[in-house]
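Computed from the coordinates by the stated procedures, all read-outs in this text should not be read as laboratory data. Model, not experiment: these values are computed from the prediction. In this analysis, Cβ positions are derived from the backbone assuming ideal geometry, glycine residues included, and neighbour counts consider all displayed protein chains.
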Amino acid sequence: MAHWIKRPIYKCIFTALCAVAASTSLAQSCSETSLEIRNNGVKAKFTIEIARTPDEQAQGLMFREEMPQFNGMLFVYDQPHRVSFWMKNTLIPLDMLFIDESGIVKRVHSNAVPLDTTPISGGDGVQYILEINGGLAGMLRLTEGAEVRYSGISQENAIWPCE
């Protein structure tokens, strides 16, 4: 170990720099179980469950009583299309982010009401829907135009590609 690292202040600084470097390299990688989003100077990373099949999508987050703060469910469709969701049998309030094929958030619906059967339209051209805890999108200042990075987005079309 270098002599200067033995001094407590330098050791703390060195450790902090290593931690920042490690977290930076982790933040740049994409995976099937995580998704990053950036908007208005904020960048957040979510651990996600994927709903791909019709059965998984029909089930969604129904009957769950809680979800960790930076977790979510990503609904993945083969092609962009018009989508509409509801909260039937969903027990927790959710924010829904409707995302196009390039990873741009087209619409944010905040605090969907548990158990409500009123349709929530995401509009046309939606290929992904991210459901997160209600109120979190506002807290993170996520709005239309936010950019999403996820390994399942075609990297040729991605607004924020994986590195």
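Residue count for the stretch 97-151 under the criterion of being surrounded by 18 or more Cβ atoms within 10 Å (Cβ to Cβ) and at positive phi: the result is 1.
Scanning for something out of contact with any helix residue (DSSP H, G or I) (no Cβ under 9 Å at 6 or more places or on another chain) and without any contact (Cβ under 8 Å) to a residue 24 or more places away in the chain, does the stretch 139-151 turn up at least one residue? Looking for residues that are out of contact with any helix residue (DSSP H, G or I) (no Cβ under 9 Å at 6 or more places or on another chain) and without any contact (Cβ under 8 Å) to a residue 24 or more places away in the chain, one finds at least one in the stretch 139-151, hence yes.
Among the listed residues S102, S154, S121, which satisfies the condition of being in contact with a strand residue (DSSP E or B) (Cβ under 6 Å, 6 or more places away or on another chain) and over 15 Å from M73 (Cα atoms)?
Details: S102 fails: in contact with a strand residue (DSSP E or B) (Cβ under 6 Å, 6 or more places away or on another chain); S154 fails: in contact with a strand residue (DSSP E or B) (Cβ under 6 Å, 6 or more places away or on another chain).
Of S102, S154, S121, the one residue that is in contact with a strand residue (DSSP E or B) (Cβ under 6 Å, 6 or more places away or on another chain) and over 15 Å from M73 (Cα atoms) is S121.
With the checklist (1) in a loop (DSSP other than H, G, I, E, B); (2) over 22 Å from R64 (Cα atoms) in hand, flag the one item G122 doesn't pass. Every listed condition holds for G122 apart from (1). Go through the stretch 72-94 and give me each residue that's on the phi < 0 side of the Ramachandran plot and either free of Cβ contacts under 8 Å to residues at least 40 places away in the same chain or exposed (fewer than 12 other Cβ atoms within 10 Å of the Cβ) (or both). Matches in the stretch 72-94: D78, Q79, H81, R82, S84, W86, M87, K88, T90, L91. Residues in the stretch 95-106 include at least one that is under 19 Å from E32 (Cα atoms), free of Cβ contacts under 8 Å to residues at least 60 places away in the same chain and among the polar types (S, T, N, Q).
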